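The values are calculated or read from the model by the stated rules, or taken from the named source; none is laboratory data. Note that this is a predicted model, so its numbers are computed, not measured. Please note: Cβ atoms are built from the backbone with ideal geometry, for glycine as well, and neighbour counts cover all protein chains shown.
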């Protein structure tokens with residue numbers, strides 16, 4: 001037999017024998033069996049009732065072994081009992097048991113029958129329990145998946161309805177803005193540069209431009225550009241995000257850490273590289289700003305793998321050591337116009353959520369244990 005096969009054989013054998021000789025088995029089965037045997041051999045032949053009692057006491061450790069390790073444990077001990085009791089039962093030189101030969105033979109047979117029956121029942125009960133636990137876990141996973149899908153559908157429906165309304169409002173705002181800017185440009189050509197009214201007119205045009213940018217932001221939320229989904233390596237996207245956010249992070253006293261991807265499988269997904277970069281960059285910058293408010297911290301970006309039901313997913317995690325999000329805000333953080341920033345529009349994370357939906361992904365958030373920060377996770381189906 002080759003060395004590698006021999007090593008595998010002995011490892012497998014030791015793995016099978018280890019439960020049979022566990023401390024619990026030693027205390028409840030093997031040691032009691034040896035004690036019964038010693039008493040049996042030392043009892044005089046004229047104490048017939050003592051031999052009858054000791055002969056039947058063997059059933060206790062056999063049953064303990066079967067209850068503990070099933071058929072394997074029960075048969076192991078019943079075979080051992082049969083082996084060590086046989087000389088005392090039928091060989092006179094070993095201090096013979098005074099019982100009848102038929103009775104002693106049937107007793108040895110019953111040792112093994114009891115071990116097999118009890119062990120089979122125990123193994124069957126364990127299989128049923130494992131089956132129930134497996135079904136319970138599958139049901140729990142299915143319910144969690146259903147809740148996740150329902151949450152996505154509710155969020156998508158809310159965003160879609162709000163997006164249509166926002167698009168209409170933004171469109172109606174932009175039409176008069178164009179007219180206002182056109183008349184302002186005509187007036188600017190008439191008013192001399194050094195006139196005091198010129199400064200007021202420039203301010204007027206700057207505010208029109210700012211309002212137009214706000215309307216464009218609402219339109220981008222309401223009608224995001226379609227995703228140009230192509231096969232891509234998530235490591236390329238993460239490297240790009242890290243290089244874009246590093247300068248601002250360093251200026252705000254935040255250390256950026258990109259953990260190396262440790263999986264053997266290439267983290268390839270089907271997605272729009274620019275949109276995913278926009279999503280992760282927005283999340284990363286939010287984390288940097290949150291940490292800057294408390295004097296700095298650490299931004300960690302990593303790629304991992306997980307399963308959601310039957311789907312294999314790659315997950316990009318962006319964690320920061322900033323202040324945790326209040327529990328009542330976690331459910332609303334992706335809602336449009338919800339923000340905790342002074343002067344924020346509350347559209348950044350809503351747009352990120354829509355980008356994730358467009359790329360068949362899921363964007364989620366959680367507080368890290370012990371108040372150590374916040375982690376955003378972008379899950380995308382493996383493939384492409």
All but one of (1) buried (at least 17 other Cβ atoms within 10 Å of the Cβ); (2) within 30 Å of residue 129 (Cβ to Cβ); (3) modelled with pLDDT under 85 hold for residue 23, so report the exception by its number.
(1)
Condition check for residue 135: more than 30 Å from residue 76 (Cβ to Cβ), modelled with pLDDT of 70 or more and either exposed (fewer than 14 other Cβ atoms within 10 Å of the Cβ) or in contact with a strand residue (DSSP E or B) (Cβ under 8 Å, 6 or more places away or on another chain) (or both):
yes
Filtering region 254-292 for residues that are assigned to a loop (DSSP other than H, G, I, E, B), surrounded by fewer than 21 Cβ atoms within 10 Å (Cβ to Cβ) and in contact with a helix residue (DSSP H, G or I) (Cβ under 7 Å, 6 or more places away or on another chain) leaves a count of 1
From the list 124, 148, pick out the single residue that is at pLDDT 80 or above and more than 30 Å from residue 86 (Cα to Cα).
124
Scanning region 316-339 for residues that are within 19 Å of residue 278 (Cα to Cα) and modelled with pLDDT of 85 or more, which turns out surrounded by the fewest Cβ atoms within 10 Å (Cβ to Cβ)?
317
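Yes/no matrix, rows are residues, columns are (1) over 18 Å from the mean Cα position of the chain (by Cα); (2) at pLDDT 90 or above; (3) not in a helix (DSSP H, G or I):
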| residue | (1), (2), (3) |
| --- | --- |
| 83 | yes, no, no |
| 131 | yes, yes, no |
| 144 | no, no, no |
| 152 | yes, no, no |
Filter region 360-377 for residues that are crowded, with 19+ Cβ neighbours inside 10 Å and more than 20 Å from residue 289 (Cα to Cα); which is farthest from the chain's Cα centre (by Cα)?
361
